[in-house]
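Notes to accompany the following structure.
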């Protein structure tokens, strides 16, 4: 019984933590898309955290934890989206600067 | 023996993932400090991911995983640093705008 309660609690924690982390990155994507600027966001933030997420993913696969696996696959996808949006906007910004 | 190898692997994964995630946020702090601008960084990114980290911290405490605990305490601290730096720079930027 105690184990069951703990597992339910862990499930709720895992799902809610995953949803919050993904919401954060989705918010960043929406903000970037609206302003068409991500120059203040460090590219190393996405590179390093994605690297960390890949290792967490491996960790999740080894311990067979579906929440760690799901959250990290989604997070890597969202962070890479921010990374490539930033690259595109930074490039566009540099080209506009040259025109002036 | 197999368990020992797996545990060593999990330890290495946990430590490296933690170091990568913290390095990403430290890079963001350094970039923000240099440029004195964090306006492109969504405040909800820090709020939501910190919320997720607090839940991961609770998860780590329940399953007694020192890497999850350590990484999340440090990550929360670093994300709050970015959050308050952003607040300060955004405010300074608005005040400068009013002067013009």
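Every number in this text was worked out from the coordinates using simple rules, so none of it is lab data. Quick caveat, the model's predicted, so the values are computed rather than measured. Cβ atoms come from the backbone with ideal geometry, glycine included; neighbour counts cover every protein chain shown.
Shielding value for A:56-69 is 3, the average number of Cβ atoms from other chains within 10 Å of each residue's Cβ. In chain A, Cα pairs under 8 Å separated by at least six residues give a relative contact order of 38 percent.
The spread of Cα positions in the protein assembly as shown, taken along each principal axis and listed from longest to shortest, comes to 65, 29, 25 Å. Per-residue shielding of B:26-32, expressed as the average number of other chain Cβ atoms within 10 Å of the residue Cβ, stands at 5. Residue of chain A with the Cβ closest to the rotation axis carrying A onto B, and that distance rounded to whole Å: A:40, 2. Sorted from nearest, the other copies put their residue A:8 label points 4.1 nm away, the label point being 7 Å from Cα in the direction of Cβ. Between this copy and the others, label points of residue B:91 are 3.9 nm apart in ascending order, each placed 7 angstrom from Cα in the Cβ direction.
Gain on full extension, evaluated as 0.36 nm per residue between residue A:77 and residue A:9 minus their Cα-Cα distance, stands at 21.8 nm.
The eigenvalues of the Cα gyration tensor, multiplied by 5 and square-rooted, give chain B an equivalent ellipsoid with semi-axes of 36, 14, 7 Å from largest to smallest.
Quote the FRET efficiency, to the nearest 0.05, computed for residue A:98 versus residue A:66 with a Förster distance R0 of 41 Å and r equal to the Cβ-Cβ distance.
The calculated FRET efficiency here is 0.25.
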